[in-house]
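Input: a single structure, listed below in structure tokens.
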Amino acid sequence: MSFIVAIDGPAGAGKGTITKKVAERLKLVNVDTGATFRCVALNMLDKNIGIEEEEKIKEVLDKINIEMKSNGEIFLNGENVTKRIRENDVNNFVSPVSTIQPVRDKLLEIQRKIAEGKDVIMEGRDIGTVVFPNANVKIYLDATPEERAKRRVLQNEEKGIKTSYEEVLENIKDRDKRDSNRKVAPLKKADDAIYIDSSNMTIDEVVENVIALINDKYNNSNVK
Ligand code: DC
């Protein structure tokens, strides 16, 4: 039996950072489901397949092999793509790819398989609602669009990329609207998820909060 922690929320809420730290502290397997969508997007880019090409997408999905190593490295069909899946062409293509239903169906299968028999913390957009509706702990991590824009500008600066706050904020608001209103897998808090607004919290505060919630559930569960 496995113990599942689901972390959902919009881009820029801090899911990646928090999940990584909590996984290290509690020795949970860290599963970044966004990376699985990025692998499909990269595979399609490599093969020059557009989002309308159903048959070709099916072929890609039939053959795809995604491995997540315990050191955080991601392998796509045997090739280390850890850095490649964070590049701009993938950033731009992954959002439309993530709305293709057969892609979601296949990745759902892969994500459930990765967690089999393990204690995991899985981050994404629909983990508590679709992938593991019976997860032991569900957290919805949020932050205001303004705070998320601020964080993104800083992140870009660290990478040497200069972006304007106004432009980034506009982009985040646009994306929020699209992600929440789209027909396929809209971003939505599970009714039983615990809502954390990280806007005015430090990373450590969020980590301690999440760990306390997990410990509480773990001590009251029969997975020991
Ligand atoms: O978290 P990220 O930026 O790496 O996610 C990449 C894309 O995948 C993003 O457009 C949202 C989508 N995604 C999704 O639809 N469902 C998930 N469980 C995880 C990511």
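Computed values, structure above
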| item | result |
| --- | --- |
| Cross-link partners of residue 47 among lysines (Cα-Cα below 23 Å; sequence separation of 8 or more within a chain) | 56, 58, 63, 83, 106 |
| Computed [θ] at 222 nm, deg cm²/dmol, the chain (DSSP H ≥ 4; -39,500 (n - 2.57); rounded to nearest 500) | -15500 deg cm²/dmol |
| Spatial extent of region 37-92: Rg and Dmax, with the Cα atoms as the point set, Å | 11.4, 35 |
| Global form of region 172-214, assessed from the alpha-carbon gyration tensor, a/c cut-off 1.5 | oblate |
| Net lengthening on full extension, residue 71/residue 89 (0.36 nm per residue, minus Cα-Cα) | 4.0 nm |
| For region 91-199, the fraction of alpha-carbon pairs in successive 10 Å shells from zero, as % | 12, 36, 35, 16, 1 |
| Dimensionless Rg/Rh of region 52-146 - Kirkwood Rh, Rg from C-alpha atoms | 0.96 |
| Carbon and sulfur %, accessible surface of region 80-173 computed with the full protein complex present, 1.4 Å | 49 percent |
| Trypsin sites (Lys or Arg not before Pro) restricted to DSSP loop in region 1-55 with at most 16 other C-beta within 10 Å | 27, 47 |
| Ratio of the Cα radius of gyration of region 141-224 to 2.2 N^0.38 Å, where N counts its residues | 1.40 |
| Peptides ranked, highest mean first, by Cβ atoms within 10 Å: ranges 114-126, 156-168 | 114-126, 156-168 |
| Cα gyration tensor, region 2-63 - rounded (a/c under 1.5), prolate or oblate | prolate |
| For q = 0.13, 0.14, 0.16, 0.17 Å⁻¹, Debye-computed log10 I/I(0) when each Cα of the chain counts as one equal scatterer | -0.79, -0.92, -1.22, -1.37 |
| All Cα pairs of region 112-155, percent lying beyond 17 Å | 47 percent |
| Cβ-placed point charges (K, R +1; D, E -1), dipole of the chain about Cα centre in debye, nearest 20 | 280 debye |
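The values are calculated or read from the model by the stated rules, or taken from the named source; none is laboratory data. Because the structure is a prediction, the values reported are computed rather than measured. Positions of Cβ are backbone-derived with ideal geometry, glycine not excepted, and every protein chain shown enters the neighbour counts. Keep in mind that these areas ignore ligands, DNA and RNA; they rest on the heavy atoms of the full protein, side chains included. Shrake-Rupley method; radii C 1.70, N 1.55, O 1.52, S 1.80 Å.
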